[in-house]
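S.K.: Dumping the structure here so I can ask a few things about it.
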Amino acid sequence: MEILLAREMGFCFGVRRAVEMMEEAVQEQGEMVSLGSVVHNPQVVAQLKEQGLDVIASPSEVSDRPVAITAHGVSESVVRELEQRGVPVVDTTCPIVTRSQQWAKRLADEGFAVIVFGDPNHKEVRGVLGWAQGRAIAIPSVEELDGLPEDLPSRVGVLSQTTETEAHFAEFVRQLLERRMDEISELRVINTLCNATTSQQAAAQELAHRVDLMIVIGGRESANTRHLAEVAREEGCETYHVESAGEIRPEWLAGRERVGVSAGASTPDAAVDAVVARLRELAPDGAAKGGEARVAERAGREVE
Ligand code: SF4
């Protein structure tokens, strides 16, 4: 059995940047808190906790310790509240998310109704909605376009959650137009998809064609990891989403010739290495191959 690693996967620059900024801040300023988990990854959160970074759920829990805003960003009202309370803030919002927030604000300022294609309960989406002065709503799927208000303003701006797939976003916009063309006088579509995510999705898609099983590693709550698994399944490849190596069951590997591995943008290299080690253990002939060897190289190991 061969083990093939996706040519792009794992920590994206936004998450890497956020984690590094927080590690530096803890070293310089001592114990601090982050508003929500840094990333949707329990191992990374636990490591940062050991270094002195606690997680709090809401700004009401802020005391005198410095506060970190995570890569997913927060709404404008939270930023203002932290300013008013005068606590030191380390803002690690990913620049790609900041761009999305700025578009939401700008479109709302210009009188557009803003539709965000994404999960209304996801932290990034909640933050983006909060920059549009109450003029934005999130719609998670094409099917839920039926839930759009009847009295939609005639000028509509559409953004996407950064981790959505290109194909799903394009289909969403097409269906929106098809259903509400009569009422819309102006439609402005802003491509707020993240390049890091779309390249990882393309790599997972490509790999899914070459293997007979895909393992996608990342937190259960991680939207981009879930989308990677979706992309692989949409290619017709049997795919499992796991958080850690221990979840891999030997029976998944029975009769497989090639197993592909990909990982979400919030998945650390150590989690990928652990999965590769587990696959090797279950299939002793397995060897990580190809330009796909990036992760193994980072870990300083020889790759066959
Ligand atoms: S997935 Fe993209 S948008 Fe999200 S943190 Fe990473 S680089 Fe930023």
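The values are calculated or read from the model by the stated rules, or taken from the named source; none is laboratory data. Only a predicted model underlies this, so the values are computations on that prediction, with no experimental measurement involved. Neighbour counts are summed over all protein chains in view; Cβ atoms, including those assigned to glycine, are modelled from backbone coordinates with ideal geometry. When the accessible area is computed, the model is the full protein with side chains, heavy atoms only, and any ligands, DNA or RNA have been set aside. Shrake-Rupley method; radii C 1.70, N 1.55, O 1.52, S 1.80 Å.
S.K.: Within the stretch 28-46, which residues are over 29 Å from ALA208 (Cβ atoms), in contact (Cβ under 8 Å) with a residue 12 or more places away in the chain and either in a helix (DSSP H, G or I) or open to solvent by 70 Å² or more (accessible area, probe 1.4 Å) (or both)?
M.R.: Answer for the stretch 28-46, where residues must be over 29 Å from ALA208 (Cβ atoms), in contact (Cβ under 8 Å) with a residue 12 or more places away in the chain and either in a helix (DSSP H, G or I) or open to solvent by 70 Å² or more (accessible area, probe 1.4 Å) (or both): GLN29, GLU31.
S.K.: Within the stretch 74-106, can you find the residues that are within 15 Å of the ligand (Cβ to nearest atom) and not in a loop (DSSP other than H, G, I, E, B)?
M.R.: ASP91, PRO95, ILE96, VAL97, THR98, ARG99, SER100, GLN101, GLN102, TRP103, ALA104
S.K.: Looking at the stretch 202-230, I want the residues that are closer than 17 Å to VAL15 by Cα and have a partner that is open to solvent by 20 Å² or more (accessible area, probe 1.4 Å) and assigned to a helix (DSSP H, G or I) with Cβ atoms under 7 Å, at least 6 apart or on another chain. Which pairs are those?
M.R.: Once the first residue is closer than 17 Å to VAL15 by Cα and sits in the stretch 202-230, its partners that are open to solvent by 20 Å² or more (accessible area, probe 1.4 Å) and assigned to a helix (DSSP H, G or I) give GLY219/PRO42.
S.K.: Pick from GLU20, GLU2: which is over 30 Å from GLY157 (Cβ atoms) and under 23 Å from the mean Cα position of the chain (by Cα)?
M.R.: GLU20
S.K.: Restricting the stretch 79-92 to residues that are closer than 20 Å to VAL15 by Cβ and not hydroxyl-bearing (Ser, Thr, Tyr), which is least open to solvent (accessible area, probe 1.4 Å)?
M.R.: Selected residue: VAL90.
S.K.: I'm trying to understand the selection: among the residues of the stretch 1-20, which are more than 12 Å from the ligand (Cβ to nearest atom), surrounded by fewer than 20 Cβ atoms within 10 Å (Cβ to Cβ) and not in a loop (DSSP other than H, G, I, E, B)?
M.R.: Correct list: GLU2, GLU20.
S.K.: Condition first: under 24 Å from the mean Cα position of the chain (by Cα), within 16 Å of the ligand (Cβ to nearest atom) and over 22 Å from ARG233 (Cα atoms). Can you find one or more residues in the stretch 155-177 that meet it?
M.R.: Within the stretch 155-177, one or more residues are under 24 Å from the mean Cα position of the chain (by Cα), within 16 Å of the ligand (Cβ to nearest atom) and over 22 Å from ARG233 (Cα atoms).
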